[in-house]
Amino acid sequence: MEIRLDGKVALVTGASRGIGLAIAARMAEAGASVVLTARKPDELRQAAASLGADPEGSALPAAPGATGASTGERPPGGGTPTPGGDAAHGAPGSEAGHGAPRSEAGHGASGREMGHVPPGGDAGHVAPGLETGTGGALPAPSGVPGVPAVVWFAANAGEPDQAEACIAATVARFGRLDVLVNNAATNPHYGPLMGIDAGQAAKTVQVNQYGVLAWTQAAWRASMAERGGVVLNISSVGGLSPEPGMGWYGVTKAAVVHLTRQLAAELGPTVRVNAIAPGLVRTAFARVLVDDHGDRVAAHLPLRRIGEPDDVATAALFLASDAASWITGATLVVDGGALSTPSGGV
Ligand SMILES: NC(=O)c1ccc[n+]([C@@H]2O[C@H](COP(=O)([O-])OP(=O)(O)OC[C@H]3O[C@@H](n4cnc5c(N)ncnc54)[C@H](OP(=O)(O)O)[C@@H]3O)[C@@H](O)[C@H]2O)c1
């Protein structure tokens, strides 16, 4: 059975690299039109180009009347990794009770929050970090019927008005949104829970937990309530089992598992909502962890290797497709068997 998404429109947050980009690639390959979103325009442009989009024409314009349109200029220093930010700083692998690390990478957040125009904000106000490609060599506004496209729109997953703007632009361009993948996440604090401060805790919740709800609300209002659809949330094995140093991040990922169930209960039968909980996956962000601990992690896994982004992407494609039409509220663990390794606790 070949899994296809022909005629579907998918939006992936955190899609400029890593797992999000792999999911976008699989969905585009399966015939979907795909909207890539993350914070940094340059990386999004490159990501879209890597999927075959015209680098000069892949920016998605803001919907008419939507707030959040920008000149496309990046803020001073925007996108520059900051300490505790997006620079790869792989969190040391966790111990699976018997010395078998199975943690995922630490996910840093940029210390700089991209600005945005609040609803009803000043017309003409520049929204740092939101590039919508005004002035780009864009294809016809509504796209060419039947021809899938890969486009991008810069937005912070933790900013509800940017979610609204991105999804409005998607519906303006494609007429609908069929698949929402809430993949972006952040982890501004690495260390014991006793050391996290209120700002770090709030930011983690804002992006990883509330962001998932906000994007789902926006998708529901703009398209899915009327046309149905699929929401897919990327959780983590860190939300299913304690991970040293990543406790609060894990709490938000546990919340995503329950949010997935709750949304499934509330949005059915129109919308299916599922989650994936990856184990350690080789992403750019996880490079330090993979380099330092990857072999040890792999040696303890039943499947003897750490994950690749495409391991998650193929699972995402299945859950997004009609092949999973009787699956909702589920969290699919994709971890090479990490959660099935003996704990050593008995
Ligand atoms: N890699 C692992 O081992 C692993 C394991 C379990 C779960 N996961 C989960 O998998 C998902 C993807 O992780 P990954 O490893 O692929 O990470 P990654 O390689 O660091 O990619 C993260 C992506 O998210 C974007 N992003 C970060 N913060 C954002 C924000 N506030 N708003 C919008 N976009 C944001 C980044 O682009 P910008 O910086 O331009 O925004 C980038 O596109 C996350 O939910 C993560 O928790 C990963």
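Here's the yes/no breakdown for (1) modelled with pLDDT of 50 or more; (2) in contact with a helix residue (DSSP H, G or I) (Cβ under 6 Å, 6 or more places away or on another chain):
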position: 17; (1), (2): yes, no
position: 24; (1), (2): yes, no
position: 37; (1), (2): yes, yes
position: 75; (1), (2): no, no
position: 81; (1), (2): no, no
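Out of all the residues in segment 225-247, which are surrounded by 24 or more Cβ atoms within 10 Å (Cβ to Cβ), closer than 14 Å to residue 272 by Cα and touching a Ser or Thr at 6+ places or on another chain (Cβ under 7 Å)?
229, 231, 233 - these are the residues of segment 225-247 that are surrounded by 24 or more Cβ atoms within 10 Å (Cβ to Cβ), closer than 14 Å to residue 272 by Cα and touching a Ser or Thr at 6+ places or on another chain (Cβ under 7 Å).
Filter segment 171-216 down to residues that are of a type in the set (S, T, N, Q) and either part of a loop (DSSP other than H, G, I, E, B) or without any contact (Cβ under 8 Å) to a residue 24 or more places away in the chain (or both), then give me how many there are. Step through it out loud before you land on a result.
Pass one, segment 171-216, residues of a type in the set (S, T, N, Q): 182-183, 186-187, 200, 204, 206, 208-209, 216.
Narrowing further to those that are either part of a loop (DSSP other than H, G, I, E, B) or without any contact (Cβ under 8 Å) to a residue 24 or more places away in the chain (or both): 183, 186-187.
Matching residues across segment 171-216 total 3.
Residue 18: within 9 Å of the ligand (Cβ to nearest atom) and on the phi > 0 side of the Ramachandran plot, yes or no? Spell out the reasoning first.
On the way: within 9 Å of the ligand (Cβ to nearest atom): yes; on the phi > 0 side of the Ramachandran plot: yes.
So residue 18 fits the description; yes.
Looking only at segment 224-262, count every residue that is part of a helix (DSSP H, G or I) and polar (S, T, N, Q) and tell me the total.
Here is the first cut: in segment 224-262, the ones part of a helix (DSSP H, G or I) are 224-227, 237-239, 247-262.
With polar (S, T, N, Q) added as a condition, the list becomes 252, 260, 262.
The number of residues fulfilling the criteria is 3.
Take the residues in segment 156-177 that are touching a strand residue (DSSP E or B) at 6+ places or on another chain (Cβ under 8 Å) and more than 11 Å from residue 222 (Cα to Cα), then tell me which one is nearest to the ligand (Cβ to nearest atom).
Ranking the qualifying residues of segment 156-177, first place goes to 157.
Are there any pairs with C-beta distances below 7 angstrom linking a residue in segment 21-41 that is within 20 Å of residue 173 (Cα to Cα) to a residue that is aromatic (Phe, Trp, Tyr) and more than 14 Å from the ligand (Cβ to nearest atom), with the two at least 6 apart or on different chains, and if so which?
That search, which allows pairs on different chains as well, returns 33/174.
Residue 336 - would you say it is in contact with a helix residue (DSSP H, G or I) (Cβ under 7 Å, 6 or more places away or on another chain), within 16 Å of the ligand (Cβ to nearest atom) and farther than 29 Å from residue 7 by Cβ? Steps first, please.
On the way: in contact with a helix residue (DSSP H, G or I) (Cβ under 7 Å, 6 or more places away or on another chain): no; within 16 Å of the ligand (Cβ to nearest atom): yes; farther than 29 Å from residue 7 by Cβ: yes.
No: the conditions fail for residue 336.
The values are calculated or read from the model by the stated rules, or taken from the named source; none is laboratory data. Quantities reported herein were computed from a predicted structural model and do not represent experimental measurements. With ideal geometry, Cβ positions are generated from the backbone for all residues, glycine too; neighbour counts draw on all protein chains shown.
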